[in-house]
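To keep things clear, I will list the structure first and then write my remarks on it.
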């Protein structure tokens with residue numbers, strides 16, 4: 001059983017999924033880690049992903065919620081859709097309207113995994129991107 005989930009920050013980023021030069025969304029890589037610190041666990045349950053504005057110089061950097069997504073990992077088909085056997089991580093492609101992203105290009109990405117036993121595991125990270133990389 002996992003005792004935590006981790007957003008894999010070096011690989012979680014704003015992306016151009018179709019190589020047309022425009023921002024399409026966020027690629028989120030997440031892994032479940034057991035009590036011994038071993039990553040690469042497959043999980044069953046629901047994952048909630050939320051995107052928030054970033055608040056500068058605040059004890060609570062999470063501002064207003066911009067967008068949210070839900071991922072169900074309860075079937076073999078849904079597992080195959082998101083699980084990457086090579087990296088041993090879950091990959092989620094989150095479509096985002098570029099018009100709703102914060103003007104300062106920095107935001108908070110939060111993930112909550114709800115286990116079948118009712119335990120909630122969470123992680124969050126700050127994402128920043130350079131708008132000049134997108135048309």
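The values are calculated or read from the model by the stated rules, or taken from the named source; none is laboratory data. Since this is a predicted model, take the numbers as computed values, not measurements. Neighbour counts are summed over all protein chains in view; Cβ atoms, including those assigned to glycine, are modelled from backbone coordinates with ideal geometry.
Hey, any hits in region 128-135 for a residue that's modelled with pLDDT of 95 or more and either surrounded by 16 or more Cβ atoms within 10 Å (Cβ to Cβ) or more than 17 Å from residue 29 (Cβ to Cβ) (or both)?
Checking region 128-135: not a single residue is modelled with pLDDT of 95 or more and either surrounded by 16 or more Cβ atoms within 10 Å (Cβ to Cβ) or more than 17 Å from residue 29 (Cβ to Cβ) (or both).
Answer yes if at least one residue in region 69-81 is within 16 Å of the chain's Cα centre (by Cα), touching a residue at least 40 places away in the same chain (Cβ under 8 Å) and surrounded by fewer than 18 Cβ atoms within 10 Å (Cβ to Cβ), and no otherwise.
No.
Could you tell me whether any residue of region 35-57 is at positive phi, surrounded by 15 or more Cβ atoms within 10 Å (Cβ to Cβ) and touching a strand residue (DSSP E or B) at 6+ places or on another chain (Cβ under 6 Å)?
yes
Within the bounds of region 103-112, is there any residue that is touching a helix residue (DSSP H, G or I) at 6+ places or on another chain (Cβ under 8 Å), closer than 15 Å to residue 129 by Cβ and outside any helix (DSSP H, G or I)?
There is at least one residue in region 103-112 that is touching a helix residue (DSSP H, G or I) at 6+ places or on another chain (Cβ under 8 Å), closer than 15 Å to residue 129 by Cβ and outside any helix (DSSP H, G or I).
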